[in-house]
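To start, the structure under review is shown below, and the notes come after it.
The values are calculated or read from the model by the stated rules, or taken from the named source; none is laboratory data. Since we're looking at a predicted model, the values are computed, not measured. When the accessible area is computed, the model is the full protein with side chains, heavy atoms only, and any ligands, DNA or RNA have been set aside. Shrake-Rupley method; radii C 1.70, N 1.55, O 1.52, S 1.80 Å.
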Amino acid sequence: SSVKLYNHTKVCGTLIKLCAAFGLLGVLIGCCVDRWAYGFWAVPFLGNFHFNVILGNGSLYGTHPFLWYIYAGIPAVCGSMLPFLLFNLTVLFSNPSQISSNCNKINNTRIVLFGIIVPYVILHSFSEHKEFRFLLPMLPLICVLAADVMVELVIFMEDGVAPIDVDAVKNSDGLVKRVENDSRGKLSARSKGLFLVMIMLNYPHLLYLGMIHQRGPIAVNRYLTSVISERVQRNIT
């Protein structure tokens with residue numbers, strides 16, 4: 001129990017270092033910038049929080065169910081990385097003994113990242129107004145967790161070591177050296193293959209979001225510009 005308490009304390013300390021310290025620094029810098037811009041001390045995000053959360057006026061912009069981030073928001077933001085993220089989460093919590101292991105720094109890192117993502121999603125789920133962009137601050141952490149699984153798959157799947165099998169990696173120094181020294185060609189080929197697959201999976205989304213999604217305002221502006229130009233030309237002539 002003392003080991004578990006030590007690990008939980010260590011995880012909490014890491015969360016404070018990653019989030020609280022830099023978050024507080026950001027708030028202080030923001031307050032100084034607002035003081036310079038407005039001429040008096042102000043904390044604008046508190047007004048936003050009061051209007052949207054305390055007064056509940058965020059629902060004026062639309063409402064979604066409580067679990068919307070789970071079944072719609074996260075899958076849409078993750079895209080092709082979702083299977084890797086779920087696999088990482090499943091493997092991590094399928095063996096509770098690994099989570100409490102003091103020597104398992106890799107799992108401790110995963111716990112820290114999930115410890116940031118999960119509370120963030122839960123807290124934002126209480127707000128009736130939900131948007132995909134509200135999850136974007138968590139996207140870099142999701143990329144790290146997904147990339148962790150991708151690296152494990154690329155390096156170890158063809159060498160008989162299961163992905164995220166930390167104990168096997170620890171006890172197979174020869175395997176790691178062989179992968180680093182003798183399998184650079186295979187590693188490069190597998191990496192390129194996975195890279196191309198990820199591009200092909202994301203390219204349709206890129207085309208849709210870049211050329212079709214919400215292009216109405218652009219089309220309207222172009223039409224208005226052409227109409228104004230025609231009228232100007234008529235007045236000149």
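Some points to look at:
- PHE134 contributes an accessible area of around 50 Å² to the protein surface, as traced by a 1.4 Å probe with all chains present.
- Heavy-atom accessible area, probed at 1.4 angstrom with all protein chains present, ranks TYR69, TYR120 as TYR120, TYR69, highest first.
- ³J(HN,Hα) computed for each position of region 195-207 - Karplus, 6.51 cos²θ - 1.76 cosθ + 1.60, integer Hz, glycine/proline x: 4, 5, 4, 5, 5, 5, 6, 8, 4, x, 5, 4, 5
- Length gained on full extension, ILE122 to PHE45: 25.7 nm, using 0.36 nm per residue less the C-alpha separation.
- The heavy atoms of GLU128 present about 100 square angstrom of accessible area, all protein chains included, probe 1.4 Å.
- Computed accessible area, HIS205, all protein chains, 1.4 angstrom probe, square angstrom: 110
- Probe 1.4 Å, accessible area per residue of region 192-237, Å²: 96
- Heavy-atom accessible area ranking, 1.4 Å probe, most first, across LEU145, LEU60: LEU60, LEU145
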